[in-house]
Each structure stands twice: as structure tokens, then as C-alpha cells.
1. State the dimensionless ratio Rg/Rh of the stretch 45-171 (Rg: radius of gyration of Cα atoms; Rh: Kirkwood radius).
2. If DNA, RNA and ligands are ignored and the probe is 1.4 Å, what is the ranking of TYR14, TYR144 by accessible area, most exposed first?
3. Quick one: how many Å² of PHE62 are accessible to a 1.4 Å probe, rounded to 10?
4. Could you report the accessible area of ASP170 in Å², rounded to 10, computed with a 1.4 Å probe on the protein chains as they sit in the structure?
5. Read phi for every residue in the stretch 39-55 and hand back ³J(HN,Hα) as whole Hz from Karplus 6.51 cos²θ - 1.76 cosθ + 1.60, θ = phi - 60°, with x for Gly and Pro.
6. Quick check: pseudo-label points 7 Å beyond the Cα along Cα→Cβ at GLN186 and LYS198, how many nm apart are they?
7. Under a 1.4 angstrom probe, counting protein chains only, how are VAL63, VAL40 ranked by accessible area, largest first?
8. Summing Lys, Arg as +1 and Asp, Glu as -1, what charge do residues with Cβ under 10 Å from the Cβ of TYR115 carry, TYR115 excluded?
Amino acid sequence: MTNTIKFSIVIPTYNRAVLLNQCLKSIIAQTYNNWEAIIVDNFSVDNTEQIVNSFNDSRIKFVKNHNHGIISVSRNKAIEMSIGNWICFLDSDDSWLPNKLAELHKYVNKYDLVYHGYQINQKQFLLQRTRNYFYRIKENTVNYVIQRGNPLCPSCVGLSRDLLGDTRFDESKDLKAVEDYDFFLQILAKRPRIKYIKKALTKYDMNGCSHGEDV
């Protein structure tokens, strides 16, 4: 059967060549292969471009773009370049389990937005620990999320292009570090059909790095 749904994967990055390598390997390993990955690099000074080129995969697009410390600029640039039916976000210090896109694909015809849990890998006192985290919103409303907190972390979300419409990440400095929260509030205001998958399909590796923005 032809995979008619193409996933566009939005990846902002800056000076994270080693982590980006792991990130891209997890995309290449996806069991669902109709995707494009759009990497927007804020002019890294490490070997980011060489890492990207080493994959030699036409599905991976790479562009350099100054974002002046605002990650929204990079995400919006990738969105404008994308051609997929569905948009996914993946920060360059994160990675996916191989069945991530296949799991999302099960629900693309019935829902507008799909999200799932994640796992954190971290060394504590010489022991390697992996913990899974799940947070499901019981009401798909702006008020509920404002009162209870936002479960929609970018690397765990996929949404249809129809739902996305002309909504973009706010590029003002006032919303730096909370731009994803603002973005998903705008999306929730459209009252989308939402599916929650109680599986940890995204991995955050906290060993040797500080998880944060790919500015």
C-alpha cells in the first residue's frame, strides 16, 4: 500500500552536531518512510553541516538561517519550506523510537492532532535510569491547559496541515522560551480532534547535555 501521508519534520538546531546525528539516525530508522526532514541551522560553528551531508538522503533538507536567538524563527522557516500533509516537530537534542511515525499514521484520517508520552534517559549516581512520562489532557480546551499545564511538548506532537493553517510560532522576544505553549494554545482554540497515544515515543537523553532550546 502506498504511504500517501507525508510527514514534514521540523528540526531547528545550533551547535549540536553530535546530538543532531543521533536525532537524524532515529528518523532514518523510522518504519514509516514517507517523510521529509527540514533542518534549519542558526549558522552553527561546529560540524553540523558535515553531519547532515553524511546521511546523503534526499529526504533531508538543510538550510542556514539567522534566528537571532529566537527558535520560533527557525521553526517557522521550516514550516514554510515543508510540503507534507502532516507536520511534526523534533528538537535536535531529542530522538524518536522507530515506530513513532507509524503510530501517528494510524490516526491521521480520524484526528487533527496526535500526541504521546516520552522517556528521559539520565545517569544518576553512576546508575543509568530511564523514566517514562505520560500526561493526557482530559479536556481539549484552552482553559483546561491554562489551568492544568501544557502536555503538548513539540517533539511529541504531530498535526495536520489543515489544522495548522496560517498559525505560526510567535517570533517576539517577549515569548522566548514559552513560544511553544503560546503556539499550542492557538491550535487548541481551533477545537481540533485530538488523539493521545499512551506510549513513550520520544527520547530525551540528559547525559552530558542540558536539554533546552535549539537557538
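The values are calculated or read from the model by the stated rules, or taken from the named source; none is laboratory data. Computed from a predicted model, the values in this text were never measured in an experiment. Using ideal geometry, Cβ is built from the backbone for each residue, glycine included, and neighbour counts are taken over all protein chains shown. The accessibility values were calculated without ligands, DNA or RNA, using every heavy atom of the protein model including side chains. Shrake-Rupley method; radii C 1.70, N 1.55, O 1.52, S 1.80 Å.
1. Value, to two decimals: 0.98.
2. Sorted descending by solvent-accessible area, the residues read TYR14, TYR144.
3. Approximately 50 Å² for this residue.
4. 60 Å²
5. Result, ordered by residue: 9, 10, 9, 7, 6, 4, 9, 9, 9, 4, 5, 5, 4, 4, 5, 5, 7 Hz.
6. Roughly 3.3 nm, to one decimal.
7. Result of the area sort, largest leading: VAL63, VAL40.
8. +2
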